[in-house]
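The values are calculated or read from the model by the stated rules, or taken from the named source; none is laboratory data. All values derive from a computational prediction rather than experimental measurement. Here Cβ is always computed from backbone atoms with ideal geometry, including for glycine, and neighbour counts include all displayed protein chains.
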Amino acid sequence: MTTGQEARLRELVLLRRVRDRIDRDYAQPLDVEALARGVHLSAGHLSREFRAAYGESPYSYLMTRRIERAMTLLRRGDLSVTEVCFAVGCQSLGTFSTRFSELVGVSPSVYRRMSAGEVAGLPSCVVKQVTRPVRNREVSRTVR
């Protein structure tokens, strides 16, 4: 293995650590600078390499995790949209609602009403797959 390949593998390990941290700590206040500091990279370098490896920026990945969790909490039905927003780590209800609508296609309150009882009785692994947010670029790939 060449030195260049070894360096690339080490960097991929760091990127995986960042992704794992986002998956684990999505509800915590996270920003690209803090994530980059955690793996001793610059924020710009982390953003470029993360996008190259995973197809989206660290911020976009974080927001997708938050929206996925929000979808679960909204289906449960025992929290308000505002409570869900803050429970998943978003600091702005407006940003949360906008991003939720972009990824899911409807506002959080509409999603909550629509999903009441919709997935009752389905195994959680099936619910996770059928309710996963789909980005516009993914829709265009699957529709062809």
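Look at the stretch 9-52 and say how many of its residues are assigned to a helix (DSSP H, G or I) and surrounded by 14 or more Cβ atoms within 10 Å (Cβ to Cβ).
Adding up the residues that qualify gives 18.
Pick from the stretch 65-89 the residues that are at pLDDT 95 or above and of a type in the set (V, I, T): which of them is farthest from Q28 (Cα to Cα)? Among them, the one singled out is V81.
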